[in-house]
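A.B. asks: Structure incoming, see below.
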Amino acid sequence: MVLAAGTVFSFGALFFRATDDIDAWQYLTFRGLGAVLVVGPLLWWQNRRDLRAIRRRLPWQHGVAGMILGSMMISFIISLTHTDAAFVLLFQAAAPISAAIFSWLLLRERLETEAAIAAGTTIVGVVIMVSSGLDSGIGWAILIVSVIPVGLGVYSTLIRAGADGDPLVPVVIAGGTCAIVGAIVSLLADGLGVSLRDLVIGLLAGALLIGVPVPFFNWAQRAVPAPDATLLLMSEIVLGPVWVWLAYDETPATAALIGGVLILGAVVWLTLQASTDGGDVRTSRG
């Protein structure tokens, strides 16, 4: 399920590149709105007899996780305006390390040998990729992109910590955060006037790429520990640059390709280990 969610997420950069004349903040407004329009009605329907139950059953971890997810959504799109998709997506390879750290801090979990080896492989991929970014003069952009792997690690850990919460709520919070921040910045600049085509692309990006897969990803967190889940999510990192390359000939640097191969190898190896062991490769409680 996590691998499937990663595959859906991988179309995020492609949707943004498909727009004609819309800036990042306008796009973020409609992307966040699209997610809310899909998940919001479902959340209302589930709790229509007692809407106050949504707040009563909301773990604080899920509330914080929703705001973190919104911040990641913003960082992702802003980063795409400054560099290529491969650089942005491959930087997410640091997420398993972030997840491992926060799982240890918040849940007292430690990585088993298989997951630790796979996480170490992703570090090598990150080092290779970052070196190409520094050489191309976009080192400052790493500060923006770094919100994604750190945020994803914290997000996965918080979702797992609040396992009894509704997986829809963090998505509504994230979409709302993204839409509100995007709208405020847009209204202070050029406004929200965009073409119908760009409007539809933004709404679909939020609905199909956030509103549909993220609740399933949140639900899967109950069974898959945060470090392993972020590793399995690497399918987004490997496939995302491929879609943009095929559609818009956005060719990633050689270093980005090498890093992607290493990351994909880690994901495949970890998945095969789980199948061989007859279950999930997971962390253990310390």
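A.B. asks: Being at pLDDT 75 or above and within 14 Å of ALA119 (Cα to Cα) is true for just one of GLY265, GLY240, GLY260, GLY202. Which residue is that?
C.D. replies: GLY265
A.B. asks: Please enumerate the residues belonging to the range 115-140 that are surrounded by 14 or more Cβ atoms within 10 Å (Cβ to Cβ), of a type in the set (Gly, Ala, Ser) and at pLDDT 70 or above.
C.D. replies: If the condition is that a residue be surrounded by 14 or more Cβ atoms within 10 Å (Cβ to Cβ), of a type in the set (Gly, Ala, Ser) and at pLDDT 70 or above, then ALA116, ALA118, ALA119, GLY125 are the ones that fit.
Results for (1) out of contact with any Asp or Glu (no Cβ under 7 Å at 6 or more places or on another chain); (2) surrounded by 17 or more Cβ atoms within 10 Å (Cβ to Cβ), shown as yes or no for each residue.
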site: ARG31; (1), (2): yes, yes
site: GLY34; (1), (2): yes, yes
site: VAL38; (1), (2): yes, yes
site: TRP45; (1), (2): yes, no
site: ARG49; (1), (2): yes, no
site: PRO59; (1), (2): no, yes
site: THR81; (1), (2): yes, no
site: ALA86; (1), (2): yes, yes
site: PHE91; (1), (2): yes, yes
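A.B. asks: Count, please, the residues in the range 245-256 that happen to be out of contact with any Ser or Thr (no Cβ under 7 Å at 6 or more places or on another chain) and either buried (at least 19 other Cβ atoms within 10 Å of the Cβ) or not in a helix (DSSP H, G or I) (or both).
C.D. replies: Total meeting the criteria: 4.
A.B. asks: Against the definition (touching a Gly at 6+ places or on another chain (Cβ under 9 Å), touching a residue at least 60 places away in the same chain (Cβ under 8 Å) and over 21 Å from VAL169 (Cβ atoms)), how does GLY34 come out, yes or no?
C.D. replies: No; evaluated as a whole, the condition is false for this residue.
Matching residues to (1) at pLDDT below 90; (2) under 30 Å from ILE54 (Cβ atoms); (3) in a helix (DSSP H, G or I):
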{"residue": "VAL150", "(1), (2), (3)": "yes, yes, yes"}
{"residue": "ILE159", "(1), (2), (3)": "yes, yes, yes"}
{"residue": "ASP166", "(1), (2), (3)": "yes, yes, no"}
{"residue": "ALA174", "(1), (2), (3)": "no, yes, yes"}
{"residue": "ALA183", "(1), (2), (3)": "no, yes, yes"}
{"residue": "SER186", "(1), (2), (3)": "no, yes, yes"}
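A.B. asks: Run ILE74 past the list (1) touching a Phe, Trp or Tyr at 6+ places or on another chain (Cβ under 7 Å); (2) assigned to a helix (DSSP H, G or I) and report the number of the one that doesn't hold.
C.D. replies: (1)
The values are calculated or read from the model by the stated rules, or taken from the named source; none is laboratory data. In this text, all values refer to a predicted model and were calculated from it rather than measured experimentally. A quick note on method: Cβ atoms are made from the backbone with ideal geometry, for glycine too, and the neighbour counts reach across all protein chains shown.
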